[in-house]
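Asks: This is the structure I have questions about; it appears just below.
The values are calculated or read from the model by the stated rules, or taken from the named source; none is laboratory data. Bear in mind the structure is a predicted one, so any value in this text is a computation, not a measurement. As a convention, Cβ positions derive from the backbone with ideal geometry for all residues, glycine included, and neighbour counts pool all protein chains shown.
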Amino acid sequence: MIENTNFLANTYSRMPVTFVKGEGVWLWDDNGKKYLDMASGIAVCSLGHCHPAISKVVSDQLALLVHTSNLYWTLPQMELAMALCERSFAEQVFFCNSGTESVESALKLAKRRGNSLNGPDCYQIVCLENSFHGRTMGALSATCQPVYQRGFEPLVPGMTPVPAENKRALSLAVGSRTAAVILEPIQGEGGVRPVSDEYLRFARQLCDEFGALLIFDEVQVGIGRTGSFFAYEQTSVVPDVLCIAKALGNGLPIGAMLASKEVMSFLPQGSHASTFGGNPVVCQAAKEVVKLVSEPVFLAHVKETGQYLNSRLNEFAIKHPWLAQDVRGRGLIQAMELKQSDSGLAARLMTEGVMALVGHGKILRLVPPLVISKEHIDLFMEKLELVLK
Ligand SMILES: Cc1ncc(COP(=O)(O)O)c(C=O)c1O
């Protein structure tokens, strides 16, 4: 590894490996060692590393037009917005560069709408405990995990955390001062915890009753990850605002906030902006992602391989009840919760040539490229057995 790490801010706990190449589900380090990627850059490279169709449209666009700012129109941005609206409840899109910015945009929209409709006291945002929405101040304030918030106080006022799945707590929290309820339909970073349909329906009902927005953060679980293009499609609830990012660019930085025309109208000209948001190069990549991930055979593959991964993990958990206590997930976001904290698990898997996420020391989170095959999953399970036993 090149010894120039001192020049980088020390905000990440990094593994001692430097990657130099990626292809499909594989990554190579600077010693030529090959790794099976079960993390896809934290649920980003869903079509696999360096997908040839994406590399092609990106390099074509790089030679044509890279950036104009949003003072003007560009074709890739308009086409991507149309493609996203065609596949969702939404009628308009605001583009930004990351997940946290898409959440930030949604919070600003909700506050501005609350203020316009119900006055300056309508700024409360109800959010779920154990959520993760990002690291900028607004998104961080809605991220109800003290470990991320500690030291950054005062947080943005008006955030009201409630325990997930507790309908009484939610009904006590939501009222006439509520601008929005924000939640992840499946909590990702918080340990892969799907929110029940019943709770989602109750949240929808309360938002309708009090005129608040229901915001779904699908930054981690949107764009095919669960086996449908958007995760909300597998629930009986349609949100008012949808936040997406991560896999939308397959590795190029893009985020988006989707809403109806009527809701989006509360962010009029000049109220919100992003210099790079909807840049033509990343929009070309995202257009290709939307096209490929929308294919019914592709989504069927995600469901099938997701079920296979889930059943292999369950088999393991049943065979080794002293090691694993729960397996959960939908599509190709799956988790196995360990009985005991194992802080060295990710490192031991790396030694065996497998990359995976281990959260809170105990939760093995698997978000592989969606192009993964059953043979890759078998290989992963072999390595997992080896390092856990
Ligand atoms: C559900 C969710 N929302 C928001 C974010 C923040 O996204 P980003 O890191 O792109 O800012 C994440 C990142 O993991 C996430 O999982």
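Asks: In region 103-137, how many residues are in a helix (DSSP H, G or I), farther than 21 Å from Gly175 by Cα and touching a residue at least 40 places away in the same chain (Cβ under 8 Å)?
Replies: Our first condition is that a residue be in a helix (DSSP H, G or I); within region 103-137, this holds for 103-118, 137.
So of that shortlist, the ones also farther than 21 Å from Gly175 by Cα come out as 103-105, 137.
Within this subset, residues satisfying the condition of being touching a residue at least 40 places away in the same chain (Cβ under 8 Å) are 103, 105.
Residues meeting the conditions: 2.
Asks: Any residue that is in a helix (DSSP H, G or I), more than 12 Å from the ligand (Cβ to nearest atom) and within 23 Å of the chain's Cα centre (by Cα) - is there at least one of those in region 188-197?
Replies: Initial filter on region 188-197 (in a helix (DSSP H, G or I)): 197.
Those left that are additionally more than 12 Å from the ligand (Cβ to nearest atom): 197.
Imposing the further condition that a residue be within 23 Å of the chain's Cα centre (by Cα) reduces the set to 197.
Within region 188-197, one or more residues are in a helix (DSSP H, G or I), more than 12 Å from the ligand (Cβ to nearest atom) and within 23 Å of the chain's Cα centre (by Cα).
Asks: While we're looking at this one, here's another question. Report whether or not Glu315 is at pLDDT 95 or above, closer than 21 Å to Ala90 by Cα and more than 17 Å from the chain's Cα centre (by Cα). I'd like the intermediate steps shown before the answer.
Replies: Details: at pLDDT 95 or above: yes; closer than 21 Å to Ala90 by Cα: no; more than 17 Å from the chain's Cα centre (by Cα): yes.
In short, no.
Asks: A follow-up question, please. Looking at (1) within 20 Å of Thr143 (Cβ to Cβ); (2) touching a Pro at 6+ places or on another chain (Cβ under 7 Å), which one does Val219 not meet, given that it meets all the others?
Replies: Result: Val219 passes all but (2).
Asks: How many residues does region 39-80 hold that are within 16 Å of the ligand (Cβ to nearest atom) and among the hydrophobic types (A, V, I, L, M, F, W, C)?
Replies: Filtering region 39-80 down to residues within 16 Å of the ligand (Cβ to nearest atom) leaves 39-46.
After this cut, where a residue has to be among the hydrophobic types (A, V, I, L, M, F, W, C) as well, the list is 39, 42-45.
Counting residues in region 39-80 that are within 16 Å of the ligand (Cβ to nearest atom) and among the hydrophobic types (A, V, I, L, M, F, W, C) gives 5.
Asks: Could you list all residues from region 87-116 that are more than 16 Å from the ligand (Cβ to nearest atom), out of contact with any Lys or Arg (no Cβ under 7 Å at 6 or more places or on another chain) and of a type in the set (S, T, N, Q)?
Replies: Ser88, Asn115, Ser116
Asks: Next question. Might you check whether a residue that is among the small types (Gly, Ala, Ser), under 24 Å from Ile372 (Cβ atoms), in the same structural domain as Ala83 (by TED's automatic domain parsing) and within 16 Å of the ligand (Cβ to nearest atom) occurs anywhere in region 255-273?
Replies: Residues of region 255-273 among the small types (Gly, Ala, Ser): 255-256, 259-260, 265, 270-271, 273.
Imposing the further condition that a residue be under 24 Å from Ile372 (Cβ atoms) reduces the set to none.
No, that holds for no residue.
Asks: Does Leu364 meet the test of being in a strand (DSSP E or B) and either among the hydroxyl-bearing types (Ser, Thr, Tyr) or closer than 26 Å to Glu23 by Cβ (or both)?
Replies: Values: in a strand (DSSP E or B): yes; either among the hydroxyl-bearing types (Ser, Thr, Tyr) or closer than 26 Å to Glu23 by Cβ (or both): yes.
The answer is yes for Leu364.
Asks: Continuing with this model, one more query. Quick test for you: out of Lys362, Lys389, pick the one residue that is touching a residue at least 24 places away in the same chain (Cβ under 8 Å) and in contact with a Ser or Thr (Cβ under 8 Å, 6 or more places away or on another chain). I'd like the intermediate steps shown before the answer.
Replies: Numbers: Lys389 fails: in contact with a Ser or Thr (Cβ under 8 Å, 6 or more places away or on another chain).
The conditions single out Lys362.
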